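Asker: Structure in structure tokens, see below.
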Amino acid sequence: MIEELRVRKGFIAALDQSGGSSKKTLANYGVDIKDITSDEVMFDYIHQMRSRIITNPEFSDKHILGVILFKNTMERDIAGVNTVEYLKSKNIPAFLKIDLGLDVEADGVQLLKDIPNLESILDEGIKYGVVGTKMRSVIHEYNEYGIKKIIEQQFSLAKKIIAKGLIPIIEPEVDINAVNKRQIESFMKTEIIKQLAKMKKDDYLIFKFTIPDLPNFYDSLLHYKNVIRIVALSGGYDRDKACELLSQNKRMTASFSRALLEGLNVNQSDEEFTSTLKSSIEEIYKASVKK
């Protein structure tokens with residue numbers, strides 16, 4: 001699995017929108033917000049959308065090398081089979097979003113909220129068959145103290161996840177509108193290298209970064225044997241812009257969420273939906289591997 005994730009061509013699909021972002025995702029998908037009368041209804045709509053994507057023939061291991069899931073999706077079935085098992089039947093491994101959202105902004109960053117039930121979340125993920133996890137924190141401005149805390153927290157959690165035999169996706173997102181974004185990325189990379197120096201060669205992990213201002217800026221992190229892959233979030237860019245920027249980074253592949261869903265609509269016919277999804281997947285795949 002490690003070697004396959006390292007060398008296989010493709011990108012990681014992020015289908016992990018949670019309670020905080022689901023309504024906006026559904027609105028973009030064409031669902032009338034007035035029809036979302038409860039969280040239960042909202043998650044039903046979200047699962048219908050994700051099921052339509054995952055079961056589509058264009059969504060295959062030809063282009064997709066992994067999928068990040070929200071806990072609610074992991075626990076549900078697709079076509080009468082558990083979601084993780086369904087993805088396995090397509091040779092696509094699943095990662096579980098484990099964070100419980102972001103803390104309030106302080107020192108220019110938003111740390112992860114505490115995860116008091118981390119142990120049980122990881123055990124449940126293992127029970128369902130996920131291969132790894134993902135947790136997202138956000139850096140809004142250049143503040144060395146805040147950035148250092150972000151990286152320390154991410155690596156502290158990563159070590160607990162690795163101890164469970166899972167692969168953590170570490171995601172310290174840098175706001176694309178941040179002033180001094182390049183300076184933030186430089187200091188963050190230095191802090192990451194300090195943490196990597198303390199890890200074993202078989203403490204395997206994946207990084208998920210905002211596309212850097214300097215192309216190929218994070219490539220040197222791949223010199224560490226335990227860094228399997230570096231992937232990019234779309235970070236608020238539309239798909240065309242995200243793919244344009246990603247294509248300039250030779251060893252970075254995509255892990256897009258909103259950009260992957262762009263153009264999909266609940267009212268599309270199966271033919272229209274498939275055509276739109278195919279176009280999206282092919283554009284992201286090309287930006288990820290053909291450069």
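Asker: What is the number of the single condition among (1) touching a helix residue (DSSP H, G or I) at 6+ places or on another chain (Cβ under 8 Å); (2) closer than 19 Å to L233 by Cβ that Q153 does not meet?
Answerer: (1)
Asker: Suppose we keep only residues that are of a type in the set (V, I, T) and part of a helix (DSSP H, G or I) within segment 128-162. Which one would you say is farthest from the chain's Cα centre (by Cα)?
Answerer: This residue is I147.
Asker: Something else now. Which pairs have Cβ atoms under 8 Å, sit 6 or more apart or on different chains, and link a residue in segment 262-278 that is over 15 Å from Y45 (Cβ atoms) and aliphatic (A, V, I, L, M) to one that is surrounded by fewer than 15 Cβ atoms within 10 Å (Cβ to Cβ) and at pLDDT below 95?
Answerer: Matching pairs, first to second residue: none at all.
Asker: List, please: which pairs have Cβ atoms under 9 Å, are six or more places apart or on different chains, and start with a residue in segment 156-182 that is under 17 Å from L111 (Cβ atoms) and touching a residue at least 60 places away in the same chain (Cβ under 8 Å) and end with one that is part of a helix (DSSP H, G or I) and of a type in the set (S, T, N, Q)?
Answerer: Note: pairs meeting the criteria are E171/Q154.
Asker: Those residues that are surrounded by fewer than 18 Cβ atoms within 10 Å (Cβ to Cβ) and aliphatic (A, V, I, L, M), I need them from segment 101-117; list them, please.
Answerer: Listed by number, the residues that qualify are L102, V104, A106, I115.
Asker: State whether the residues of segment 82-95 include one that is in contact with a Lys or Arg (Cβ under 7 Å, 6 or more places away or on another chain) and not in a helix (DSSP H, G or I).
Answerer: Checked against the condition, which is being in contact with a Lys or Arg (Cβ under 7 Å, 6 or more places away or on another chain) and not in a helix (DSSP H, G or I), segment 82-95 yields at least one hit.
Asker: Just checking: which of the helices (runs of 4 or more DSSP H) contained wholly in segment 17-76 hold 2 or more residues that are in contact with a strand residue (DSSP E or B) (Cβ under 7 Å, 6 or more places away or on another chain)?
Answerer: Answer list for segment 17-76: 39-54, 71-74.
Asker: May I ask you to list the residues in segment 232-272 that are more than 21 Å from S21 (Cβ to Cβ) and in contact with a Leu (Cβ under 9 Å, 6 or more places away or on another chain)?
Answerer: R251, M252, T253
Asker: Now for a separate question. Please go through segment 118-134 and pick out each residue that is in contact (Cβ under 8 Å) with a residue 60 or more places away in the chain and surrounded by fewer than 21 Cβ atoms within 10 Å (Cβ to Cβ).
Answerer: If we filter segment 118-134 for residues that are in contact (Cβ under 8 Å) with a residue 60 or more places away in the chain, which is where we start, we get 130-132, 134.
Residue satisfying the conditions is V131 alone.
Asker: Test I53 against the criterion of being more than 19 Å from K88 (Cα to Cα), surrounded by 13 or more Cβ atoms within 10 Å (Cβ to Cβ) and hydrophobic (A, V, I, L, M, F, W, C), and give yes or no.
Answerer: When the stated conditions are applied, I53 does not pass them.
The values are calculated or read from the model by the stated rules, or taken from the named source; none is laboratory data. As the structure is a prediction and not an experimental result, all values here were calculated from the model. For neighbour counting, all protein chains shown are included, and Cβ atoms are generated from backbone atoms with ideal geometry for every residue, glycine included.
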